[in-house]
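Undergrad: For reference, the structure I am asking about is given below.
Every read-out reported here was derived from the displayed coordinates using simple, explicitly stated rules and does not represent laboratory data. Values in this document were obtained by computation on a predicted structure and should not be read as measured data. Using ideal geometry, Cβ is built from the backbone for each residue, glycine included, and neighbour counts are taken over all protein chains shown.
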Amino acid sequence: MADGLLENEQLDDLLTGGRVILQKKDGFRYGTDAVALAQFARIGVNDNVLDIGTGGGILPMLLSLKGGAGFMGIDIVPEMVDMANRSAKMNGLTDRVRFICADVRKLPEVFAGEKFDVVVTNPPYKKAGSGIPSKNYNAYVARHEALCTLEDVLAGAASVMKTCARLYMVNRPDRLCDAMELMRRYGIEPKRLRFVHADPLKAPVMFLVCGVKDAGSELIVEAPQVLSGNGGTVGFSDRKELECTL
C-alpha cells in the first residue's frame, strides 16, 4: 500500500472542486451515466441523500458539490464500500458523506425508520442471464441483476423515502417501461424524463427520470441531452444542467 492506494487501485481526478476518487484498475469504473445523473439531480441544501448501489461512491462525491446536509451510499460489495469511504476521507468529506455495506432488499431494517429526502441510483441495467457477463465480479454485479433486480431497487427506495421525496435514476431505454411501471407500483410518480443521446441523429443511449413519492400524475418530457464527443466518460463540469421544474 502506498499513498492510501491498495493493489489494483488508482486515484483519478474528477476535474471539479479538487475532488478525487479511488477506482479499480481492472474493475467497474464510473462513466457518463453517473455524471449525467449527478447533473440531472437537484439537491437542496438541507437534503439527506441516499445512493443505492453506490459502487466506488461517484454519485455522492459529485452531488455533494451541489449542497445537501448528508449523503449515505450503500453497496453490497464490501471492498467497494471500503474504497468509497477512503475516497471520502481523501476529499475531506467524512462529516457529510458515508458508505455502508447493505442489501437493498433489507433497507427498512438497515435504517430502522429513517427516511431520506432524495434517493439516487444507477442500478444494474441488464437482466440476469442476458448479454455477455464480465469475468470481473464487481463489474458483473454492477451491470447485471445478479444480486438485485430493478424491482428490488425501487421497492427499497420507496421504503426509505419521505412523502414528496425525490428519486433520480439513470437506465437504458429498453428498461423504460419496466422502470415506469415499477415506480408507480411502489408509489413513486414519474415527474421528469430526459433522454440522453451520444449522437443527435441516433436513438438515445440512456434515460434520466425523476419521480416523487406519493405525488399526483404529471410527467414532463424534457429536451434531450446530447453528449459531447463520442459519449465517453467526461468531467462533471463539462455539462450545463438544464433548468427544469417539477
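Undergrad: Compare the peptides 114-121, 8-15 by average per-residue count of other Cβ atoms within 10 angstrom and give them in order, highest first.
TA: Details: 114-121: 22.0, 8-15: 13.9.
Highest to lowest by the protection proxy: 114-121, 8-15.
Undergrad: In addition: Please state the Cα pair-distance histogram of the stretch 25-78 with 5 angstrom bins from zero: what percent is in each bin?
TA: Cα pair-distance distribution for the stretch 25-78, in percent: 4, 20, 30, 24, 13, 6, 2, 0.
Undergrad: Report P(r) for the stretch 32-119: all Cα-Cα distances, bin width 5 Å, range 0 to the bin holding the largest distance, values in whole percent.
TA: Cα pair-distance distribution for the stretch 32-119, in percent: 3, 16, 27, 25, 21, 8, 1.
Undergrad: Using only Cα atoms, locate the centre of the stretch 184-221 and the centre of the stretch 82-121, then give the distance between them in Å, rounded to an integer.
TA: So the two Cα centres are separated by 25 Å.
Undergrad: Strictly over 32 Å apart at the Cα level, which of Lys66/Lys162; Lys66/Lys213; Lys89/Lys191; Lys66/Lys191 would you flag in this model?
TA: In this structure, Lys89/Lys191 exceed 32 Å between Cα atoms.
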